[in-house]
Amino acid sequence: MRKILVFGNPYLKEDNLAIKIGKKLNIKGFETIICAKPDDLLSHDLNNSVMLDVAKGINAVTAFDNIDSLEFSVIFSLHDFDLSFFLKLLKETGKLKKARIIGIPKSYDEKSALREVKDIIKEVFQ
């Protein structure tokens, strides 16, 4: 079974939309897993997974697979290591060749995001 790995911080309004969407996803052939931290990636077969997270710099729900297009966040402490950092690290170490990622704009409408995420998964990833 394919997996939808959902990232975000449930306690931060600007970072919890993917988690809200992930809890409502019910797509045949996919298991949705809410990940507590980016290194949860190591526990899953990433070749059979789709990652869902909020993203800066996009205006619509967007699917992409180019890890190099991800921007690093400024890192001041260990709390600042985010999904993009771990994906790039996995790529650099040869553990990940390609990632399937769906980004949701931070302030996007929840109902629209849910519909669009479902459509993208059904269209692109099944």
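The values are calculated or read from the model by the stated rules, or taken from the named source; none is laboratory data. Bear in mind the structure is a predicted one, so any value in this text is a computation, not a measurement. Don't worry about glycine lacking a Cβ; one is built from the backbone with ideal geometry, like all the others, and counts go over all protein chains shown.
Could you tell me whether any residue of the range 46-64 is among the hydrophobic types (A, V, I, L, M, F, W, C), more than 16 Å from LYS122 (Cα to Cα) and in a helix (DSSP H, G or I)? Spell out how you get there, then give the answer.
Just the residues of the range 46-64 that are among the hydrophobic types (A, V, I, L, M, F, W, C), to begin with: 46, 50-52, 54-55, 58, 60-61, 63-64.
Still in the running and more than 16 Å from LYS122 (Cα to Cα): 46, 54-55, 58, 60.
Narrowing further to those that are in a helix (DSSP H, G or I): 46.
Yes, the range 46-64 contains a residue that is among the hydrophobic types (A, V, I, L, M, F, W, C), more than 16 Å from LYS122 (Cα to Cα) and in a helix (DSSP H, G or I).
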Worksheet item: Going by the conditions given, is LEU89 within 21 Å of MET1 (Cα to Cα) and modelled with pLDDT under 90?
Response: no
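Would you please name the residue that is modelled with the highest pLDDT, looking only at residues in the range 56-68 that are surrounded by 14 or more Cβ atoms within 10 Å (Cβ to Cβ) and over 13 Å from GLU116 (Cβ atoms)?
So the first thing to find is which residues in the range 56-68 are surrounded by 14 or more Cβ atoms within 10 Å (Cβ to Cβ), and the list is 58, 61-64, 67.
Then drop every residue that is not over 13 Å from GLU116 (Cβ atoms), which leaves 64, 67.
Working: PHE64: 85, ILE67: 66.
Going through the qualifying residues, I end up with PHE64.
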Worksheet item: What is the residue count in the range 29-45 for residues that are more than 21 Å from LYS111 (Cβ to Cβ) and either in contact with a strand residue (DSSP E or B) (Cβ under 8 Å, 6 or more places away or on another chain) or outside any helix (DSSP H, G or I) (or both)?
Response: 10
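Could you identify the single residue in ILE19, ILE102 that is part of a helix (DSSP H, G or I), modelled with pLDDT of 80 or more, buried (at least 17 other Cβ atoms within 10 Å of the Cβ) and not charged (D, E, K, R)? Can you show your working first?
On the way: ILE102 fails: part of a helix (DSSP H, G or I).
On inspection, the qualifying residue turns out to be ILE19.
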